[in-house]
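Okay, so here's the structure we're looking at.
The values are calculated or read from the model by the stated rules, or taken from the named source; none is laboratory data. As the structure is a prediction and not an experimental result, all values here were calculated from the model. Cβ coordinates were reconstructed from backbone atoms using ideal geometry, including for glycine residues, and neighbour counts include every protein chain displayed. These area figures cover heavy atoms from the full protein model, side chains too; ligands, DNA and RNA do not enter into them. Shrake-Rupley method; radii C 1.70, N 1.55, O 1.52, S 1.80 Å.
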Amino acid sequence: MFSQRSKFSYLVEWFMVVSVLGLLTGTGLKFFNQAIQRARSVEAITNISNISSALERCYMMRGAYAACQGGYFLKGEWPLDIEYPGDHPQAKFDYGIWADHTDWVIVARPADQDRPAKDFLFMSTYFGHNLITCGFGASNEKCNEIRYIVR
């Protein structure tokens, strides 16, 4: 009929089951966290696009991008005709505009992130107004070129 097994073999089986469940749960949580980060980045993508449009309007009024800097690069300064998106109660990102006379960089980094920033999104005239994601599990060689500004 049924063979008798030792308590030790039952413990080994339960340990194996718990280990496999823990491994599956850990893997699932990793993918879930990545999906949440990507969903939150939609906020940053939308705001960067809006900031870009407002930045161009500011340039038209002031004649230089340097007059349009603000956000976390210059605390308390926000010269654009839109509200600072990082002030929204549910904002997940801080935003900054670095600019000189003819070029600009708009950066969004997670609000809870310490300096130096490891994860951020940016758009710049240097790279053809393309949105570039740095960190969040992805890598891009352009991130290293712009990382010194993001600090």
### Task
Mind sorting out which of (i) -0.63; (ii) -0.55; (iii) -0.51 is the real log10 I(q)/I(0) by the Debye sum over Cα atoms at q = 0.11 Å⁻¹ computed from the coordinates?
(iii)
### Task
Any chance you could look up the accessible area of ARG40 with a 1.4 Å probe, heavy atoms only, rounded to 10 Å²?
100 Å²
### Query
Counting only residues 5 or more places away or on other chains, whose amide H sits under 5 Å from the amide H of GLY70 once H atoms are built in the peptide plane?
ILE97
### Task
Would you kindly give the portion of the calculated P(r) for region 43-116 that falls above 17 Å, as a percent of all Cα pairs?
37 percent
### Task
Could you tell me what percent of the accessible area of the chain is made up of carbon and sulfur, with a 1.4 Å probe and every protein chain present?
58 percent
### Query
GNM on the chain, C-alpha springs below 10 Å: top fluctuator among GLY22, GLY63, GLY128?
GLY22
### Task
Just tell me which lysines come within less than 18 Å, Cα to Cα, of LYS142; anything on the same chain fewer than 8 places away is out.
LYS118
### Task
Go ahead and set up a Gaussian network model of the chain, Cα springs under 10 Å, then flag whichever of VAL20, VAL107, VAL42 fluctuates most.
VAL20
### Task
Please give the calculated 222 nm ellipticity per residue for the chain, where each DSSP H segment of at least 4 residues contributes -39500 (n - 2.57) and the sum is spread over every residue; nearest 500 deg cm²/dmol?
-16000 deg cm²/dmol
### Message
Which trypsin sites (Lys or Arg not before Pro) in region 75-138 sit in a loop by DSSP (not H, G, I, E or B) and have at most 14 other Cβ atoms within 10 Å of their own Cβ?
### Response
LYS75
### Task
Name the residue, out of MET61, MET123, MET16, whose mean-square fluctuation peaks in a Gaussian network model built on the chain with Cα pairs under 10 Å.
MET16
### Query
Which Cα, out of VAL17, ASN47, SER6, lies furthest along the positive dipole direction of region 5-104 (beta carbon charges, K/R +1, D/E -1)?
SER6
### Task
Taking a cut-off of 20 Å between Cα atoms, list the aspartates and glutamates near LYS92, but don't count ones fewer than 8 places away on the same chain.
GLU43, GLU77, GLU83, ASP112, ASP114, ASP119
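With only Lys, Arg, Asp and Glu charged, each at its Cβ (+1 for the first two, -1 for the last two), find how big the charge dipole of the chain is about the Cα centre; round to the nearest 20 debye. Mind showing how you got there, number by number?
On the way: 15 positive and 15 negative charges, 141 e Å.
For the chain, the charge dipole is close to 680 debye.
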